[in-house]
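The values are calculated or read from the model by the stated rules, or taken from the named source; none is laboratory data. This one's a predicted model, so the numbers in the text were calculated from it and none came from an experiment. Cβ placement follows ideal geometry from the backbone for every residue including glycine, while neighbour counts extend to all protein chains displayed. The accessibility values were calculated without ligands, DNA or RNA, using every heavy atom of the protein model including side chains. Shrake-Rupley method; radii C 1.70, N 1.55, O 1.52, S 1.80 Å.
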Amino acid sequence: MSTLASINLISSDLLSGMPTLLGQANEWLPVWVTPLYAIALGLATGIAVTFLFFAGLTLLSLIPAIGNFADDNRRGNAASLALSAIIAVVLCSKYAAAVESYGQMLYAPLIVISVILGYATVYGAWSRTRKEWGLILSEGPVPYLLTVIAILTIGGAACFFKVDQPKRFIEAIPQVNLLNNGIKTVPIKVPAAETGTPADKAPFVSRPQDYDLQSLSEVVIESDKAVILAGATIDDLTNPPFRMEAGDRHVYRWKDGDKPPLPLDPTELHIQNRELNEATVTLTLTSIPKVPEMSRALAMGGMVFLFIAFVVAFRQGAPRVWALGLSTAKNEMSQLLYLILLGLGIFGVVIFAIMPFNTLGNDIRMFKDSTVTLLMILAMLQALWSASTAVNQEIEGRTALTVLSKPVSRRSFILGKYAGIAMSLAVMFTIISAVILVLMAYKPIYEARESAKGLPIWEIGFDEVWATLPVLGLYFMQTLIIAAIAVAFATRLTLLPNFVLCFVVYVIGNLTQMMILATEDEIPLVGFVGKLVAVIVPNLEIFNVQNAVDIGNQIPWTYLAGAFNYFLFFSVAIWMLAMVMFEDRDLA
């Protein structure tokens, strides 16, 4: 009764404040839609890159030698793996080796990305793929995911008229540094004047450079001697001479409206050395986008490209597993329970968005924690149900025997069922996550209004959206691990015992670290048993970042990469266990 009363109170407060809220829309709406506009541009760029990439491969497929190359499955796999190895070497040497700390965490994710790109490239240039693009984009979970992407892209782009200077976001796209951090350090040597020459009579030495002031977001100028910077002519009023003493360091930022004392034409830079020893003037030029958030928006667009590449690689490279997964995903997504859980998730997220948590400034963190936890619980319930219906019931109902009578191995059967369950979970996660992210962009505005504060800047909403993405990724991986365990148990158990065992694994998995710490000072046998349980049961605390979310810490992407390593290898181990359990299962 109290819950119902709380919901009614929230609804009445919302309705009573609706006229005022709408009347002030011109103030708060731009703050809300600007992050969505930036995300839309990033997604649109990802869609454009995806289209151009696969359009190029489609044109290559018209050449018979290339288009028919993958007709031989062994030859296609060999070429895909060879290309994947080349891409992996390039990516790992460029990114993993360049990271000073925890760079080793990036190797497995980069190798997986390389395999996806290798298979997508080889099979994207296959003549059969050219003919099946309509099917690829319209079957199974793909259209649902593409619809979510299209809604976010079109809806966000349609808000451009409420965005302050929307053109600057578009201009920032080519300024994004895809291959480096955009920081360039240029030491400039300036010879000393001849002995006996007065400092004011020292010559201005030409030191032409290569920079574009219009694309620089920050310029740092340092000098170890007293020097004067000037353009081609000393009397140029647009770029007057600028004096620096030894040890001076000057910082100029575009966002602060600073104008660095450098000529617009880099070839006209002249420097006067006013001392008797050689001077070194160091320019540190930073060319990150003038709208820095566009770098992260383009990363979201990169996720779109990887998604389509994964679909092409999976569907064309493993057609039997894909077909089984597709059938499973369709069946599970048509179930009433799936629709109920999806509806509950969306409804719960909306309620959490308008519900005051009364945390004295921490409502955003509570909203993030509550929504992602709700999403994970609903997805795990769906995973347990799907494992029972897709695996156990088909085994008990002899349907699996019919499927295996075709040229489908038991290995492909289990992998296909797991893939289908993962597809249905991905759709649920994507739809509810999209609602979470849209409302997350609005939550800082809502909290400011509730606490009678001034409107926040739009960057706060964008930062909250970006900080939520790795949390969603970690919870999705945790859900997939529980789904893999449920599929393994479903080869032998029905729904109820499977649910109980998975619940036990989930509880113990989130207490693994506590068990290890609690048994450190115990007798050796107790400590051994505790550590043995920690090895057998997945350490789900790796994916549980509730404490970090509660105190407002950003989840590093290197941590996400490390969690992916654990997810990948543990999933393979569970799949091998499922194969052992299913291999000698009597299906007759």
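Collect the residues in the stretch 163-184 that are of a type in the set (A, V, I, L, M) and loosely packed, with under 14 Cβ neighbours inside 10 Å, keeping them in residue-number order.
Selection gives Leu178, Leu179, Ile183.
For the stretch 301-312, state whether one or more residues are small (Gly, Ala, Ser) and under 25 Å from Leu415 (Cα atoms). Yes, that holds for at least one residue.
Please tell me if Ile346 is closer than 30 Å to His270 by Cβ, within 25 Å of the chain's Cα centre (by Cα) and surrounded by fewer than 22 Cβ atoms within 10 Å (Cβ to Cβ). Criteria not met by Ile346.
Of Leu298, Leu229, Leu216, Leu283, all but one fail to be within 30 Å of Ala44 (Cα to Cα) and touching a strand residue (DSSP E or B) at 6+ places or on another chain (Cβ under 6 Å); the exception is Leu216. Among the residues making up the stretch 512-540, those that are open to solvent by less than 50 Å² (accessible area, probe 1.4 Å) and either at pLDDT 70 or above or under 22 Å from Leu480 (Cβ atoms) (or both) are Thr512, Val533, Ala534, Val537, Pro538, Asn539, Leu540. Scanning the stretch 23-65 for residues that are among the polar types (S, T, N, Q) and without any contact (Cβ under 8 Å) to a residue 40 or more places away in the chain, we see that the one that is most open to solvent (accessible area, probe 1.4 Å) is Asn26. Residue pairs whose Cβ atoms lie under 6 Å apart, separated by 6 or more positions or on different chains, with the first residue in the stretch 76-95 and farther than 16 Å from Ile66 by Cα and the second at pLDDT 95 or above and not in a helix (DSSP H, G or I), do not occur.
Exactly one residue out of Val220, Val148, Val205 is open to solvent by less than 40 Å² (accessible area, probe 1.4 Å), in contact with a Ser or Thr (Cβ under 7 Å, 6 or more places away or on another chain) and not in a helix (DSSP H, G or I): that is Val220. Return the total of residues in the stretch 248-288 being under 25 Å from Gly461 (Cα atoms) and part of a loop (DSSP other than H, G, I, E, B). Looking only at that region, the number is 3.
Residues in the stretch 311-333: is at least one aromatic (Phe, Trp, Tyr) and within 21 Å of Ala422 (Cβ to Cβ)? If you could, list the steps in order and put the result at the bottom.
Of the stretch 311-333, the ones aromatic (Phe, Trp, Tyr) are 314, 322.
Right, trim to within 21 Å of Ala422 (Cβ to Cβ) and you get 314, 322.
So far as the stretch 311-333 goes, yes, one or more of its residues are aromatic (Phe, Trp, Tyr) and within 21 Å of Ala422 (Cβ to Cβ).
For the stretch 110-143, a residue qualifies if it is open to solvent by 20 Å² or more (accessible area, probe 1.4 Å), in a helix (DSSP H, G or I) and in contact with a Gly (Cβ under 9 Å, 6 or more places away or on another chain), and the qualifying residues are Tyr119, Val122, Arg128, Arg130. Only one of (1) in a strand (DSSP E or B); (2) open to solvent by 40 Å² or more (accessible area, probe 1.4 Å); (3) aliphatic (A, V, I, L, M) is not met by Met105, so which one is it? Among (1) in a strand (DSSP E or B); (2) open to solvent by 40 Å² or more (accessible area, probe 1.4 Å); (3) aliphatic (A, V, I, L, M), the lone unmet condition for Met105 is (1). Selection of the stretch 349-364 for residues being part of a helix (DSSP H, G or I) and surrounded by fewer than 20 Cβ atoms within 10 Å (Cβ to Cβ) yields Val350, Ile351, Ala353, Ile354.
With respect to (1) surrounded by fewer than 20 Cβ atoms within 10 Å (Cβ to Cβ); (2) within 26 Å of Ala38 (Cα to Cα); (3) of a type in the set (Gly, Ala, Ser), the lone exception for Gly156 is condition (1).
Taking residues in the stretch 569-581 that are within 15 Å of Val535 (Cβ to Cβ), and partners anywhere that are outside any helix (DSSP H, G or I), the pairs with Cβ atoms closer than 7 Å and at least 6 places apart or on different chains are Phe570/Pro538. Contact map, the stretch 388-405: residues that are β-branched (Val, Ile, Thr) paired with residues that are modelled with pLDDT of 75 or more and in a helix (DSSP H, G or I), Cβ distance under 6 Å, separation 6+ or inter-chain. Pairs shown: Val391/Lys417; Val391/Val487; Val391/Ala490. Every condition in (1) assigned to a strand (DSSP E or B); (2) in the same structural domain as Pro35 (by the TED database) holds for Ala172 except the one numbered (1).
Screening the candidates Leu455, Leu480 for the property of being open to solvent by 30 Å² or more (accessible area, probe 1.4 Å) and of a type outside the set (Asp, Glu) yields one hit, Leu455.
Total residues in the stretch 66-102 satisfying the condition of being of a type in the set (Phe, Trp, Tyr) and either open to solvent by less than 30 Å² (accessible area, probe 1.4 Å) or closer than 23 Å to Arg128 by Cβ (or both): the figure is 1. Restricting Val311, Val304, Val291 to residues that are closer than 23 Å to Trp458 by Cα, of a type in the set (Val, Ile, Thr), within 23 Å of the chain's Cα centre (by Cα) and surrounded by 21 or more Cβ atoms within 10 Å (Cβ to Cβ) narrows the list to Val291.
Would you check if Gly325 is open to solvent by 30 Å² or more (accessible area, probe 1.4 Å), assigned to a helix (DSSP H, G or I) and modelled with pLDDT of 90 or more? No; evaluated as a whole, the condition is false for this residue. Of the residues making up the stretch 119-145, those that are of a type in the set (Gly, Ala, Ser) and within 10 Å of Ala70 (Cβ to Cβ) are Gly124, Ala125, Ser127.
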